[in-house]
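Worksheet: the structure to be examined is printed underneath.
Bear in mind these aren't lab numbers, they're just calculated from the coordinates by the rules spelled out. For clarity, every value in this text was computed on a predicted model and none was experimentally measured. Glycine also receives a Cβ, built like all others from the backbone with ideal geometry; neighbour counts cover every protein chain displayed.
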Amino acid sequence: MNRIQAALATAVPTLLLAAGPAGADSVGRPRPGYWELTNVFTVVITQKKVERRCLVASEIQKFMTSPSNRHYACTYPSRAVGDGKILLKGSCATKEGQVADVTANGGYAPESFRLKLSLSTKIAGIPLAGTATTTARRLGDACPADAVRSDEAKRVLKGGDTPPQS
């Protein structure tokens, strides 16, 4: 169970930023900057995690074009994104071959987003279902020096890309 929850902790924020190419809708994609994400995962037990992260433009673009992570390889044959709404249907598989069917729906704006992911899988032949909800809000343009950053964000910020550190 913990492996699935750990993978969801990374997958859900990634899915949330999968909002299509720049300029694709009238609402606008999430903007780079300092973000606070609240994740609630329910797979047998419920866990809540709040984190603050620095996201750069190139990272958001990558999230938007290939929502996946290091734990799961995901494909979304059914995708509807636009005007602040998102709906994804597909599946995610671990490196070990565990597959989960996923449906994600929610909304986004330049300063906030919310997504609810539903998953179903089988472990040892036993059906298992769960949900993960992420609510996020943009805290600002500047990221504190000690803000959590992905390797991509560290590389880009070292080169002077936005968002600046405060």
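Couplings 3J(HN,Hα) for region 48-55, derived from phi with the Karplus relation 6.51 cos²θ - 1.76 cosθ + 1.60 (θ = phi - 60°), are 10, 9, 10, 9, 10, 9, 9, 10 Hz, where x marks Gly and Pro. Charged neighbours of ASP146, selected by a Cβ distance under 14 Å, balance to +3 (K, R count +1; D, E count -1). Length available on full extension from VAL27 to ALA93: 0.36 nm per residue minus the Cα-Cα distance, which gives 20.6 nm. Here LYS158 is the anchor, and the lysines within straight C-alpha reach of less than 20 Å, apart from those fewer than 8 places off in the same chain, are LYS62.
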